[in-house]
Structure formats: structure tokens, C-alpha cells
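What follows is one structure encoded as C-alpha cells, with my remarks underneath.
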Amino acid sequence: MSATFGRPPLWQRLRPYLTGFDGPLLAGLLWLVAIGCIVLFSALQDAHVPFGDHLRNLAIGFLVLFVTAQVPPQRLMQIAVPVYTFGVALLIATAAFGLVRKGARRWLDLGVTVVQPSEVMKIAVPLMLAWYFQKREGQIRVKDFAIAAAILLLPVGLIAKQPDLGTALLVLFTGAFVIFFAGLLWRVIALLLALAAASAPVLWHFMHDYQRQRLMMLLDPQSDPLGKGFNIIQSMIAIGSGGVFGQGYLHGTQAHLNFVPESHTDFVFSVLAEEWGLAGNLVLLAAYTFFIVRGLMIAANAPTLFSRLLAASVTLIFFIYAFVNMGMVSGILPVVGVPLPFVSYGGTALITLMLGAGMLFSIAKSKRLVQS
């Protein structure tokens with residue numbers, strides 16, 4: 001029938017959508033997802049969360065990735081301003097009448113569902129800034145960096161006021177990467193870092209008590225071993241007890257005896273380290289390195305300034321997530337709510353990361369189309 005009307009078979013029409021993915025990037029992603037499934041199968045044993053829920057989240061995440069990968073960078077550029085504007089509007093609405101949970105106003109009840117608008121800004125901010133610098137390509141001046149800083153600091157300030165310092169810093173980094181790659185001078189960066197260091201005493205005054213306590217626990221968790229310092233102490237014990245090759249799969253004592261808190265979300269790295277040891281940690285680090293290096297290669301070879309800035313920023317989001325999570329679990333950074341990309345259990349964060357990965361696949365595909 002299809003031959004009669006001159007239409008190709010269905011599989012031929014679907015082939016461009018199914019085969020247009022960057023092979024090395026896809027291999028790195030599947031590598032990380034496989035590690036996540038193995039670790040979470042163990043971590044969820046005592047969390048009273050079915051492993052099937054993680055598989056469901058992965059299925060939704062891969063669907064989001066697949067759809068996003070089909071959207072060309074030109075269309076992503078067109079939706080940058082509406083997505084950013086919508087995200088800022090949600091943040092303002094959250095500040096006005098958002099839900100308060102555990103002393104923080106971070107959630108917005110839309111009637112059908114409850115959303116955390118700050119998650120949107122992790123993608124909306126780099127999109128918006130990449131769009132802005134693309135529009136100014138060839139004529140970027142100092143004032144453009146000042147305008148870009150204002151675009152960045154507006155959502156960062158709204159998120160920090162919720163309060164959600166961890167997410168605010170993540171959004172700040174995602175936008176700062178775009179500004180840096182757009183050509184911000186090193187001497188300006190050095191000046192900004194000096195100003196940030198000089199303003200530390202002022203920032204300390206405006207921080208909430210729990211934020212100050214997290215910083216103090218970073219310096220000396222033993223000062224409150226059964227209270228604020230308990231989480232990080234137990235996490236470090238789990239990591240250290242793993243040794244070189246670990247205690248064995250499903251045999252981690254700290255995690256399975258419920259000493260490690262949030263062992264399937266923020267502290268999932270301690271489960272990996274305890275059961276698989278240094279060898280498992282190196283495998284995970286190799287997977288992240290492979291994925292991030294491939295993402296930066298895609299950014300370096302992207303055909304437009306918008307694509308280069310977006311790809312570089314999104315790739316370094318994965319780096320920041322992994323670095324901050326492993327740093328806080330290991331006791332070298334303050335404890336903040338940052339998941340380990342593609343390994344931690346979660347819905348919203350996983351979908352956000354899959355959305356970012358989908359953008360990388362879209363940019364990689366556009367490069368091949370331009371070359372052909």
C-alpha cells in the first residue's frame with residue numbers, strides 16, 4: 001500500500017529520529033544510567049521505595065530527552081525568552097503565595113500538581129543568556145555583560161530568598177558559565193572573586209541559621225556528632241569503610257543499617273563507595289569524565305555562538321552537580337541538596353538533567369546536518 005502511494009515504510013520515516021543521536025555521548029549517558037540502576041537497587045532496599053519507581057522516572061526522562069533532541073537549536077533559541085519569562089513569573093508567584101514547607105517557600109500549587117519553579121531556571125537561565133549573546137554577536141561590549149549579569153541575578157535573588165541557597169548557587173554557576181564563555185575578561189573575573197571574598201562577612205550576617213550551621217559543620221562536624229554533624233560523619237565512615245574494592249554489593253553496613261541519611265538521594269555516593277570501594281568510585285569518575293569531555297567537544301564544534309554557549313554551559317552543569325554532590329558527601333563542601341547526576345533517585349531533578357542532555361544531542365545533530 002505504501003509503495004502504491006509512493007510513501008516510504010514507517011521504519012524508514014522513523015529512522016532519522018532514532019539514529020541521529022551522538023554515539024559517544026549516548027554511550028556515556030547509558031554508562032552513568034547503568035551505574036545509577038545498580039547502586040539504587042541496593043540503596044532502595046531500605047528506603048521503602050520500589051525500584052520500579054526509578055525505572056518509571058528513567059522512562060519519563062528518556063522520553064523528555066528524545067523529544068528535546070528532535071528540537072533544532074534554532075527553535076530552542078526562539079523559546080528562550082518565553083521560557084525565561086515564564087520561569088521568573090513562577091518565581092515571583094512562589095514568593096507571593098507559594099507553599100511553605102520546612103520553613104521554606106519553594107513550591108507552587110498549580111491545582112493539578114505542585115511544582116518547584118527554581119528547577120526551571122537551571123535550564124531557562126543558560127538558554128536566555130545564550131540567546132542574548134547570540135543577538136549581540138560581533139558587537140559584545142562591557143554593558144552587555146552588565147545586562148547579562150542582571151538577567152542572571154534576578155532569578156538567583158528570588159531563589160535565594162525562598163530560601164534555597166544550594167539551588168541559587170547552581171543557577172548562578174549555570175549562568176556564569178555562559179557569561180565566561182561569551183568572552184568575559186580574566187581581570188574582571190579576578191575582580192569579582194575579590195569582591196565576593198571581601199563581602200563574605202556581610203553575606204554571613206544575612207545567612208539563615210541553618211546555612212551558618214552547615215558551614216560550621218564543614219569545619220568541625222565532630223562539634224555536634226549526634227546532631228548537625230551526624231549526616232556527614234556517617235557518610236565519611238561509609239566511604240572510608242569501602243576500602244579499595246568495597247564490602248560487596250548489597251552488603252554495605254552503614255547504608256543498610258540506616259546510619260547514612262537519604263542514602264538513595266543526596267548521599268547515594270556513599271552507598272557506591274561503601275559497597276564498591278575506590279574501584280567503583282574510579283569507574284564512576286571515568287564515566288562522568290567521558291560524558292563531560294564529549295559534551296565539551298560538541299560545544300567546541302557547534303555551528304553557532306548560541307549552540308556553543310548553551311552546550312558548554314549545560315555540560316558544565318553536569319560537572320557542577322557531580323563535583324558538589326561528591327564534595328559534600330566526602331566532607332570537603334557544605335551539605336546542600338544537590339543530587340548525583342543520573343545516579344540519585346528523583347523525579348524532577350532527573351527530568352531536568354535529561355532535558356539538558358537532550359539539548360546536547362540536539363546541538364550535536366545540528367552540527368552533522370550543517371556539515372552534510
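Table for the structure above
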read-out: Exclusive hit being assigned to a helix (DSSP H, G or I) and on the phi < 0 side of the Ramachandran plot, set Ala302, Ala286; value: Ala286
read-out: Residues of the range 326-349 that turn out to be small (Gly, Ala, Ser), assigned to a loop (DSSP other than H, G, I, E, B), surrounded by fewer than 24 Cβ atoms within 10 Å (Cβ to Cβ) and at negative phi, as a count; value: 2
read-out: Residue match in the range 94-110 (condition: assigned by TED's automatic domain parsing to the domain that holds Pro163, at pLDDT below 95, among the polar types (S, T, N, Q) and in contact with a Leu (Cβ under 9 Å, 6 or more places away or on another chain)); value: yes
read-out: Residues of the range 84-104 satisfying the condition of being of a type outside the set (S, T, N, Q), surrounded by fewer than 18 Cβ atoms within 10 Å (Cβ to Cβ) and under 20 Å from Thr352 (Cβ atoms); value: Phe86, Ala89, Ala93, Leu99, Arg101, Ala104
read-out: Members of the range 111-135 that are at pLDDT 80 or above and of a type in the set (S, T, N, Q); value: Gln116, Ser118, Gln134
read-out: Test: residue in the range 318-325 that is surrounded by fewer than 23 Cβ atoms within 10 Å (Cβ to Cβ) and either of a type in the set (Asp, Glu) or at pLDDT below 85 (or both); value: no
read-out: Those residues of the range 209-235 which are in contact with a Gly (Cβ under 7 Å, 6 or more places away or on another chain) and within 18 Å of Val39 (Cβ to Cβ), in sequence order; value: none
read-out: Phe177 being in contact (Cβ under 8 Å) with a residue 60 or more places away in the chain, in contact with a helix residue (DSSP H, G or I) (Cβ under 7 Å, 6 or more places away or on another chain) and over 18 Å from Leu154 (Cβ atoms); value: no
read-out: Some residue of the range 117-134 being under 27 Å from Ser307 (Cα atoms), touching a Pro at 6+ places or on another chain (Cβ under 7 Å) and buried (at least 17 other Cβ atoms within 10 Å of the Cβ); value: yes
read-out: Number of the exception - Asp266 against (1) surrounded by 15 or more Cβ atoms within 10 Å (Cβ to Cβ); (2) part of a loop (DSSP other than H, G, I, E, B); (3) touching a helix residue (DSSP H, G or I) at 6+ places or on another chain (Cβ under 6 Å); (4) touching a residue at least 40 places away in the same chain (Cβ under 8 Å); value: (3)
read-out: Condition check for Ser241: polar (S, T, N, Q) and modelled with pLDDT under 85; value: no
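The values are calculated or read from the model by the stated rules, or taken from the named source; none is laboratory data. What you are looking at is a predicted structure, and each value in this text was computed from that prediction instead of being measured. Counting neighbours? That spans all protein chains shown, and the Cβs are built from the backbone with ideal geometry, glycine included.
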